[in-house]
Amino acid sequence: MDIDTVRTAASDEAAERRREQRGWYFYDWACSVYSTSVLTVFLGPYLTSVAKRAADADGYVHPLGIPVRAGSFFAYSVSLSVIVAVLVMPLVGAAADRSGRKKPLLGAAAYVGAAATAGMFFLGGDRYLLGGALLIVANAAQSVAMMLYNSYLPQIAPPEERDAVSSRGWAFGYAAGSLVLVVNLVLYLAHDSFGVSESMAVRICLASAGLWWGGFTLIPLLRLRDRPPAAREATPRPDPTDHTDHTDQSDRTDRTVRTAPGLRQLAATVRDMRRHPLTLSFLLAYLIYNDGIQTVISQASVYGSEELGLGQSTLIGAVLLVQVLAVAGALGMGRLARTYGAKRTILGSLAAWTLTLGAGYFLPAGAPVGFFLLAAAIGLVLGGSQALSRSLFSHLVPPGKEAEYFSAYEMSDRGMSWLGPLLFGVTYQLTGSYRDAIISLVVFFVVGFLLLVRVPVRQAIGDAGNPVPEKI
């Protein structure tokens, strides 16, 4: 084969890879609107109001005969959706890796979630049970789809491109979230001018997120390619000459077989990850510092309203500022990673998170400018922290097990972030101060930093059977 033919083939391969990467970005563009407009802004207050209309004189609703305070119904629905996702993700991830058919599974999960979100248009009156069911389906489907979407990253980007590609994906998502949230807020705040009620405006906003999700999902489904299953690491089999008593292991296996299929697959994935302790060490560090990130995101508005006395319009403006600056932050930190490596850049972001919380502790009450500066700092480190964590983890996944391992990563991202809110709540309960509660979250970034420093990522990448990039 002559040199010109080789160059042409390499050029064609690079062009096809870039085309597939552009399609991959558009799934973040499609689904991030659900996270921003539905979960973060509109659904919680609206579903709570629907549940309160259906409540009895004591303020309780009774799903399946269980007494639940109307004000807790949304939170319980989110928690149940996480349980459903935890049971389903390992099964889907293992099936995707073994069959190589990720794209139809991604499409199925995305369209189930989009349809459930669009169905929220019908949440009128006191239909709280319908709202809870649609939330559970949409949230679980979103988790499954994101797991499959993330698992494409090692396949569509060589090691030297992965940080930049992951960062662009996050930037696309934040840009879409900002754009649609602006349109939704115009409709919501000026609903009388459009001739619709406030309730109808919210339902239109919810349904539009589902239509956006489903419509733009067509692009990645047209661009992404299925690949034959990669050669998977063989699970070590017992040595027939080894006469060691394996009774304990047999008992554990028997107990695992009797569990639900999702938990059985999750247990198998975790057991396999124990063969890659450095990968597991990174996942532990990520679980801890991501718990801090998710808690800051979820509790910042509470801190702003309760401790700083800021109004709803200020809080909504801060959410928009975070979304907009997260685009620049994700792209900027992606460029930093090309120079300093992903690990060092993530460590720098964790230091920035710590300083941001320290500054937030001293914000004066009734000062929106300071809160906007805090939101700006969060936005600049938020997207990059998450994007680079995803790309770094993709280097630590053994070939052929991308979806299976990313199911554990996604559960760390979405299903394990409970300790931060608990610490925040307990600190406030003991001290009566939201300032003490917000500063207590520093521990997650400090511990996550110390754990990540100890992970030798080059060795971890080599142990996983992957090529080691020049900068990591």
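The values are calculated or read from the model by the stated rules, or taken from the named source; none is laboratory data. Predicted model, so just to flag it, every value in this text is computed and none were measured. Because the Cβ atoms are built from the backbone with ideal geometry, glycine has one as well, and the counts that use them run over all protein chains shown. Accessible surface is based on the protein model in full, side chains and every heavy atom, while ligands, DNA and RNA are left aside. Shrake-Rupley method; radii C 1.70, N 1.55, O 1.52, S 1.80 Å.
Could you check how many residues of segment 161-193 are of a type in the set (Asp, Glu) and more than 25 Å from Ala96 (Cα to Cα)?
1
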Exercise. Listed residues Gly448, Gly348, Gly358; which is in contact with a helix residue (DSSP H, G or I) (Cβ under 6 Å, 6 or more places away or on another chain) and either at pLDDT 90 or above or closer than 27 Å to Asp163 by Cα (or both)?
Worked result: Gly448
Exercise. Can you tell me which of Ala55, Ala30, Ala94 is touching a residue at least 12 places away in the same chain (Cβ under 8 Å), more than 30 Å from Arg162 (Cβ to Cβ) and of a type in the set (A, V, I, L, M, F, W, C)?
Worked result: Ala55
Problem set entry | Failed item in (1) part of a helix (DSSP H, G or I); (2) open to solvent by less than 50 Å² (accessible area, probe 1.4 Å); (3) out of contact with any Ser or Thr (no Cβ under 7 Å at 6 or more places or on another chain), with Gln323 passing the rest | (3)
For this session: Go through segment 35-84 and give me each residue that's touching a Gly at 6+ places or on another chain (Cβ under 7 Å) and of a type in the set (Phe, Trp, Tyr).
Result: Phe73, Phe74
Exercise. Hey, does segment 212-222 have a residue that's among the hydrophobic types (A, V, I, L, M, F, W, C), touching a residue at least 12 places away in the same chain (Cβ under 8 Å), within 28 Å of Pro398 (Cβ to Cβ) and touching an Asp or Glu at 6+ places or on another chain (Cβ under 8 Å)?
Worked result: no
Exercise. For segment 72-83, how many residues are of a type outside the set (S, T, N, Q) and open to solvent by less than 50 Å² (accessible area, probe 1.4 Å)?
Worked result: 4
Exercise. Is it true that Leu363 is at pLDDT 90 or above and touching a Phe, Trp or Tyr at 6+ places or on another chain (Cβ under 9 Å)?
Worked result: yes
Exercise. Any idea how many residues of segment 158-183 are modelled with pLDDT of 90 or more and either over 22 Å from Leu382 (Cα atoms) or in contact with a strand residue (DSSP E or B) (Cβ under 9 Å, 6 or more places away or on another chain) (or both)?
Worked result: 1
Exercise. Does Gly124 satisfy the criteria of being of a type outside the set (A, V, I, L, M), in contact (Cβ under 8 Å) with a residue 24 or more places away in the chain and assigned to a loop (DSSP other than H, G, I, E, B)?
Worked result: yes
Seminar exercise, completed: Taking segment 292-309 and keeping residues open to solvent by 20 Å² or more (accessible area, probe 1.4 Å) and outside any helix (DSSP H, G or I) leaves Gly309
Problem set entry | Hits in segment 372-415 - residues which are under 11 Å from the mean Cα position of the chain (by Cα) and open to solvent by 10 Å² or more (accessible area, probe 1.4 Å) | Gln386, Asp413, Arg414, Gly415
Problem set entry | Of all residues making up segment 192-207, the number that are touching a residue at least 40 places away in the same chain (Cβ under 8 Å) and open to solvent by 30 Å² or more (accessible area, probe 1.4 Å) | 3
For this session: Those residues that are surrounded by fewer than 16 Cβ atoms within 10 Å (Cβ to Cβ) and either in contact (Cβ under 8 Å) with a residue 60 or more places away in the chain or more than 21 Å from Val50 (Cβ to Cβ) (or both), I need them from segment 178-191; list them, please.
Result: Val182, Val183, Val186, Ala190
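Looking at this structure, is Thr247 at pLDDT below 80, of a type in the set (Val, Ile, Thr), more than 30 Å from Leu374 (Cβ to Cβ) and surrounded by fewer than 15 Cβ atoms within 10 Å (Cβ to Cβ)?
Yes; evaluated as a whole, the condition is true for this residue.
Can you tell which of Val426, Val369 is modelled with pLDDT of 90 or more and either surrounded by fewer than 24 Cβ atoms within 10 Å (Cβ to Cβ) or in a loop (DSSP other than H, G, I, E, B) (or both)? Break it down into steps so the answer makes sense when it comes.
Details: Val426 fails: modelled with pLDDT of 90 or more.
Within the list Val426, Val369, the selection yields Val369.
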For this session: Please state which of the following conditions Ala359 fails to meet, knowing it meets all the rest: (1) of a type in the set (Gly, Ala, Ser); (2) closer than 25 Å to Gly173 by Cα; (3) open to solvent by 50 Å² or more (accessible area, probe 1.4 Å).
Result: (2)
Exercise. Hey, any hits in segment 103-124 for a residue that's among the charged types (D, E, K, R) and open to solvent by less than 60 Å² (accessible area, probe 1.4 Å)?
Worked result: yes
Seminar exercise, completed: Restricted to segment 329-344 and to residues being touching a Leu at 6+ places or on another chain (Cβ under 8 Å) and free of Cβ contacts under 8 Å to residues at least 60 places away in the same chain, the residue surrounded by the fewest Cβ atoms within 10 Å (Cβ to Cβ) is Gly332
For this session: Six or more apart or on different chains, Cβ under 8 Å: which pairs go from a residue in segment 61-75 that's closer than 21 Å to Leu39 by Cα to one that's of a type in the set (D, E, K, R) and open to solvent by 60 Å² or more (accessible area, probe 1.4 Å)? Could you list them?
Result: Ala70/Lys52; Gly71/Lys52
For this session: Would you mention how many residues in segment 82-121 are closer than 22 Å to Trp212 by Cα and either among the aliphatic types (A, V, I, L, M) or in contact with a helix residue (DSSP H, G or I) (Cβ under 7 Å, 6 or more places away or on another chain) (or both)?
Result: 19
